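Shown next, in structure tokens, is the structure this report addresses.
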Amino acid sequence: MKKFVGEVSHDRWLNAQYHELATWKAEPVDGEDWNSWWASAFDNYSFVREQKIDSILEVGCGPYAKNLELFVRSIGYTPSRIILEDPLLEQYIQMGKSIRRFVNKENVTLISMQMENVNLPELKLEQVDVVLCNNVLDHVESVSRCFEQMWNALKVGGILVFGQDLADETDLENRDIKAFKEGCHPIMINEAYMEPYLSRYELVYRKTHTRENSRNPDANCGTLMFAGRKQ
């Protein structure tokens, strides 16, 4: 029986980042990258509209940060402080991707490092009201370290908005097939794997899509949508 993969070596992670960068280099124009799907699957983030959000961190913002824009559009106003994190952020800016529209904006901080190493106090940054992390854990080096730093980044009372594609044994068996882009996605986990990390939060919103209704039925057995409040 194959085991779920929640942590890989640093060399394996660097290899995945190499393939990820190559993927975006090959795309000549900005694309959607599924961000509208995530917003729709989260009911357009209606569950946070009653909360005052002054600050937000998007984990793994990618070359476009359109996920952030859709979240901001849903709540109807722009938080006064925005942090965008992605280990390939500097490269995306150099490539001319649309993430560069955030460069030199007074209310935006750009962090080009992996989330496992992001410590906001060490970076002289305050904790945030919302951590937004959709479609990211497939790309990390360590699921546990990433969850720990997201927890540390949130204020008490802050909300984690988290979306993740899920794997089952069939997906694990197929993980070496090129069509599954295993080169870019070293992490493969199921919902139970994440439960110890999610259970730390007070539940705000949760929905699990089956394979038929998931983001990518050919590669994933389902998709988890979760929001929780740090207690």
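The values are calculated or read from the model by the stated rules, or taken from the named source; none is laboratory data. Every value quoted in this text rests on a predicted model; they were computed, and no experiment measured them. No Cβ is skipped: glycine too gets one built from the backbone with ideal geometry, and neighbour counts run over all protein chains shown. Just so you know, the surface numbers come from the protein's heavy atoms only, side chains and all, with ligands and any DNA or RNA stripped out. Shrake-Rupley method; radii C 1.70, N 1.55, O 1.52, S 1.80 Å.
First select every other residue whose beta carbon is under 15 angstrom from the beta carbon of Arg206; then total the charges, Lys and Arg +1, Asp and Glu -1.
Overall, the nearby charge balance is -1.
Across 5 Å bins from 0, what is the distribution of all Cα-Cα pair distances for the range 24-78, in whole percents?
In order of increasing distance, the bins hold 4, 18, 28, 24, 14, 7, 4, 2, 0 percent.
Among Trp34, Trp13, Trp151, which one moves the most in a GNM of the chain with springs linking Cα atoms closer than 10 Å?
Trp34
For the chain, set up a GNM with springs between Cα atoms under 10 Å and report which of Val130, Val143, Val29 has the largest fluctuation.
Looking only at Val130, Val143, Val29, the largest GNM fluctuation is found for Val29.
Find how much the distance from Lys124 to Ser80 grows on full extension, using 0.36 nm per residue of separation minus their present alpha carbon separation; answer in nm with one decimal.
Taking Lys124 through Ser80 to full extension adds about 14.2 nm, to one decimal.
Which residue, Pro217, Pro28, Pro63, has the most motion in a Gaussian network model of the chain that connects Cα atoms within less than 10 Å?
Pro28
Would you mind computing, in nm to one decimal, how far apart the modelled labels at Arg229 and Lys3 are, each placed 7 Å from Cα along Cα→Cβ?
For Arg229 paired with Lys3, the spin-label model returns 3.8 nm.
Using each residue's phi in the range 100-111, evaluate 6.51 cos²θ - 1.76 cosθ + 1.60 at θ = phi - 60° and report the 3J(HN,Hα) Karplus result to the nearest Hz, with x for Gly and Pro.
Once rounded to whole Hz, the list reads 5, 5, 8, 5, 6, 7, 4, 8, 10, 10, 9, 10.
Run through the DSSP bridge list for the range 99-231 and note the antiparallel percent, rounded to the nearest 5.
75
How do Tyr45, Tyr77 rank by accessible surface area computed with a 1.4 Å probe, from largest to smallest?
Numbers: Tyr45 0, Tyr77 70 Å².
Final ranking, largest accessible area leading: Tyr77, Tyr45.
For the range 23-144, what's the radius of gyration and Dmax over Cα atoms, in angstrom?
Answer for the range 23-144, Rg first and Dmax second: 14.0, 41 Å.
Aspartates and glutamates near Lys230 by alpha-carbon distance under 19 Å, same-chain residues fewer than 8 away left out - which ones?
Within the straight-line cut-off, Lys230 pairs with Glu50, Asp54, Glu58, Glu116, Glu126, Asp129, Glu148, Glu195, Glu202.
Candidates (1) 25, 21, 17; (2) 32, 21, 18; (3) 25, 24, 16; which is the computed semi-axes √(5λ) of the Cα gyration tensor in Å?
(1)
How much accessible area per residue does the range 1-150 have, counting only protein heavy atoms and a probe of 1.4 Å, in square angstrom?
Per-residue value: 48 Å².
Need one word for the range 62-122: rounded, prolate or oblate. Basis is the Cα gyration tensor (sqrt eigenvalues a ≥ b ≥ c); a/c below 1.5 gives rounded, then a/b vs b/c decides. Intermediate values should be presented prior to the final figure.
Numbers: a/c = 1.74, a/b = 1.20, b/c = 1.45.
Note, shape of the range 62-122 comes out oblate.
Using a cut-off of 12 Å between beta-carbons, work out the net charge of the residues near Gly222 (Lys and Arg +1, Asp and Glu -1, Gly222 not included).
Local net charge: -2.
With every protein chain left in place, what is the accessible area of Asp33 in Å² (1.4 Å probe, nearest 10)?
Accessible surface of Asp33 is approximately 60 Å².
On a 28 Å Cα-Cα criterion, which of the cross-link pairs Lys52/Lys124; Lys3/Lys66; Lys3/Lys97; Lys52/Lys105; Lys124/Lys207; Lys97/Lys155 come out too long?
Details: Lys52/Lys124 23 Å; Lys3/Lys66 33 Å; Lys3/Lys97 36 Å; Lys52/Lys105 22 Å; Lys124/Lys207 35 Å; Lys97/Lys155 31 Å.
Table pairs above 28 Å Cα-Cα are Lys3/Lys66; Lys3/Lys97; Lys124/Lys207; Lys97/Lys155.
In whole Å, what is the distance between the alpha-carbon centres of the range 1-29 and the range 49-114?
That distance is 22 Å.
Give the long-range amide H neighbours of Cys61: residues separated by 5 or more places, or on another chain, with amide H under 5 Å away, using H modelled in the peptide plane at 1.01 Å from N.
Excluding prolines and chain starts, which carry no amide H, the hits are Glu85, Asp86.
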